[in-house]
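Report on the following structure.
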Amino acid sequence: MSSANLTRAETSTRSDALTVHSYRVELDLSAAADPSVQGFSSRTTVEFAATAESTWFDFIGSHVESVTVNGRSVDVRYDGARILVDGLDALNTVTIAATATYSRTGEGLHRFTDPVDGETYLYTQYEPADARRVFACFEQPDLKAPFTFVVHAAAEWSVVSNRSVAYRTAEGDVQRVVFEPTLPISTYITAVIAGPYHHADGVWSRGELTVPLGVYCRRSLAKHLDADEFLEVTRQGLDFFTDAFDYPYPWGKYDQVLVPEYNLGAMENPGCVTFTERYIFRGAATASQHERRATTILHEMAHMWFGDLVTMKWWDDLWLKESFADYMGTLAVAEATAWPDAWVSFAERRKMWAYLQDQLPTTHPIAADIVDLEAAKLNFDGITYAKGAAVLKQLVAYVGRDAFFEGARHYFREHAFGNTTLNDLLEALEQTSGRDLRAWSTHWLETTGVTTLTVAQGPNGLAIVPSDDRPHRLAVGWYDADPSGAIVRRARREFDVAGEPVGIGDKDAALVLLNDGDLTYAKVRLDERSLATVEAKLSAIVDPLARGLVWSSLWNATRDGEYPVARYLAVARGHATAETNSGLLAAVLGNALFAIQHYVPESARTAERSAWLKTTWSGLASADPGSGGQLAWARAVAGAANYDDGGAPDILAILDGSAPAPDGLALDPDLRWSFASALATTGHADEPLLLTELARDDTASGRTALIEALASRPLESVKADAWHAALTDTSLTNDHLEATIAGFTAGGRRDLTARYDDAYFAALREVWAQRSIEMAELIVDGLFPRGDSLANADAWMSANDDAPAALLRLVAEGRDHLARDLRVRAAQPRLTS
Ligand SMILES: [Zn+2]
């Protein structure tokens, strides 16, 4: 095992032996704008108490120049990931001077050059363990300390970190910025941002406390940044959380920075949250996109307390902060912002992520057993975030909201600036709720899998039948048509279910909806009568959360091969045009296209693709001009056009202006690219056409889109080049690698890509050994061959059982996705005959 892969056992030993008092980190980024300069000098001084005679620092960079221990210069003992230090006293000052490397993979200190104006932008991203790519440190969450950052950078740049600037000195065209020391925090949430960032300012105050707010983005995106909405949501969140947690915002200021080529949605660095630029809308955006952005803003804000103030001891309890932030972020959006339907998206989109992951062979308990960093890295998944949050929602239903919040307040007060495990949270909640949560924890946090709830005819009417013995608190809703034809809830009752069937009475209704209100985490099946009702009248259900649960139920049954794909597609064709919730609409349109590619048997696929393309065009034609629905349908047209070229002439005409776009549809750059890319995939856009698009949008996004579109063209030589680039061109950035892979696989053209199946499996070990984990994941996941047989994957897995666990996990998941495709396809004739 590489010495970069830290284990739980050794970090635990290190934190037992050390108490860190302070870090001072000085980074010289003054030459960053020169692309020929690959590295930067990084100097760390750490003061710490030790009970051991020796320890190690973590650092992944090009060179360590010197190590000084208590004033003595010592030999540098550096293996590329660890710096060994011995001769420690009870109290120590260690200074390490090193050269770190600018990143192109989004890990560590990422450097980006804006093609629009040639400006250079830097930002850091560390979780779980990439601070060591920027400065030498003890890289583990339970060694907290105050950090003082000192940054040398171009004089005209903005330099931002977790705290405000203490003072700034200028020497010629270089500035030296010294920040105020942070409160005690973990290494993975420290941050440094530098570049000619545009910013908008605001302020939030409550009583004595005034918090300056900032929103930052690249200058070339400033015209698209709706900072007012960002700031409004931020203020709404600070109001909400201050009341809910009864603990004042601890981090001084609150900056939010949108950064290029970001590998995730956002990161909760205290006082300096970073976000993907996808949250800057370059054109029209649906209500659901705005809602999702607000949910991310407030998810990160919840971390200021849960995660940053109180932090998990080790990555086993990553869920403690992620589940909590996911739950609280959604709650805050629903109750404090302009998007009261946030729980609808949660029920449909977020929980679908959890249901999907929880049925993989690699699923794990929410409270996981994470032995090392590679395992930690892969656990930022649907279980840790979405299932955990769904289970917290169930916990609130179980202990009551007041007890839940009171428990959280106790927890913050008791563990502020400390580290915790699951046990600490359970203790706090048990104190306030008076309930024994150990059995609950065993059933929900320490086991895997999804309960399936069905409705069956019992002796005294209908009964809920659970597939396992996990305890659920859930509601049942009885729905009928009102005189206008709308389907409305007529009655609702809560039940406790734990293993045995539970009668729900003999009430008659057109639709009986289990888990009404989405209190619990379970797959729900509809009885025959309810199914008939929703097939005829799904869009007449008034409550969007109930509609979301029905859509979700149908999709889960489709994915399980229990509900015919043809019927799911018929419901989508029949009811999607009337779906008014833009999040539900986008999810259904995505599911329909996915079902056609993966679940429809080969013999029927061409016809279904063509029918779906027609559906999307007519959805587009009938949508209200300028509406979010119109935008969602336009994107669906582009999606469907990757698989059927029947609409190519019409799309070409819209792009070249010879035919008007549908009334009210804003042809923004991202929509234009999705159309152009679809044309390229089906062989209707050559390089000159794509370069014309680039001339209209020669931006970072435009260049990434061009890479994808070029690689999408259905030509043997194009696929060969894309394959070669993805596997061997290490100069590709994270975004460009992702675009290359998306182009290679575009249109599901197995006739062109199946020849690379053997090469894929042959390359896996090498890819894992050579690439950073972020890039390796892109390759292993993105290029997994979705063919017609499991033989290749099975052969690789049996020959490589000694491969790194994280790689084995990814391959096992790819295999299982394919196995499901094959299983559901095979079930279709049985279902429809
Ligand atoms: Zn989070």
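One table, with the values for the structure above:
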| item | result |
| --- | --- |
| Angstrom value of the Kirkwood radius, inverse mean 1/r, which spans all Cα pairs in the stretch 644-703 | 11.8 |
| Under 17 Å, Cα to Cα: Lys pairs in the chain, sequence gap 8 or more or different chains | 12 |
| DSSP-defined antiparallel bridges as percent of all bridges, the stretch 173-278, nearest 5 | 55 |
| 5 Å binning of all Cα-Cα separations within the stretch 726-792, expressed as whole percents from 0 upward | 3, 16, 30, 25, 17, 7, 1 |
| Probe 1.4 Å, protein heavy atoms only - accessible area per residue of the chain in square angstrom | 36 |
| Lys/Arg +1, Asp/Glu -1 at C-beta; the stretch 767-830 dipole; positive extreme among LEU822, ASN792, ALA776 | LEU822 |
| Angle in degrees between helix 757-770 and the longest Cα principal axis of the chain, rounded to the nearest 10 | 30 |
| Within the chain: Cβ-based charge dipole about Cα centre, in debye rounded to nearest 20 (Lys, Arg +1; Asp, Glu -1) | 1200 |
| Mean-position separation - Cα centroids, the stretch 628-699 and the stretch 348-425, in angstrom | 41 |
| Percent accessible area from carbon and sulfur atoms, the stretch 564-671, protein chains only, probe 1.4 Å | 55 |
| C-alpha long axis of helix 716-728 to longest principal axis of the chain, angle in ° | 40 |
| Convex hull volume of the stretch 136-274 per residue (C-alpha atoms, cubic angstrom) | 134 |
| Accessible surface of the stretch 229-363, 1.4 Å probe, proportion on carbon and sulfur as whole % | 51 |
| For the stretch 256-304: rounded, prolate or oblate by the Cα gyration tensor [a/c cutoff 1.5] | oblate |
| Size descriptor, Kirkwood hydrodynamic radius, that averages inverse alpha-carbon separations across the chain, Å | 28.3 |
| Gain upon complete extension [SER66, VAL116; 0.36 nm per residue less C-alpha separation] | 14.0 nm |
| Helix-only CD estimate at 222 nm, as mean residue ellipticity for the chain, using -39500 (n - 2.57) per DSSP H run (n ≥ 4) | -13500 deg cm²/dmol |
| Distance (nanometres) between label positions extended 7 Å along Cα→Cβ at GLU171 and THR448 | 5.6 |
| Coordinate range along principal axes, alpha carbons of the stretch 357-432, Å, largest first | 36, 29, 14 |
| Coordinate range along principal axes, alpha carbons of the stretch 386-479, Å, largest first | 54, 26, 23 |
| Among ALA338, GLY574, ILE83 - extreme Cα towards positive end, dipole of the chain, charges at beta-carbon | GLY574 |
| The stretch 23-110 - Rg over Rh from alpha carbon coordinates, Kirkwood radius | 1.01 |
| Relative contact order %, the stretch 22-164, counting alpha carbon pairs below 8 Å whose residues are six or more apart | 31 |
| Relative contact order of the chain, defined on C-alpha pairs under 8 angstrom at six or more residues apart (%) | 8 |
| Whether the stretch 547-666 is rounded, prolate or oblate, judged on the alpha carbon gyration tensor where a/c under 1.5 counts as rounded | oblate |
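The values are calculated or read from the model by the stated rules, or taken from the named source; none is laboratory data. Values in this document were obtained by computation on a predicted structure and should not be read as measured data. Neighbour counts are summed over all protein chains in view; Cβ atoms, including those assigned to glycine, are modelled from backbone coordinates with ideal geometry. When the accessible area is computed, the model is the full protein with side chains, heavy atoms only, and any ligands, DNA or RNA have been set aside. Shrake-Rupley method; radii C 1.70, N 1.55, O 1.52, S 1.80 Å.
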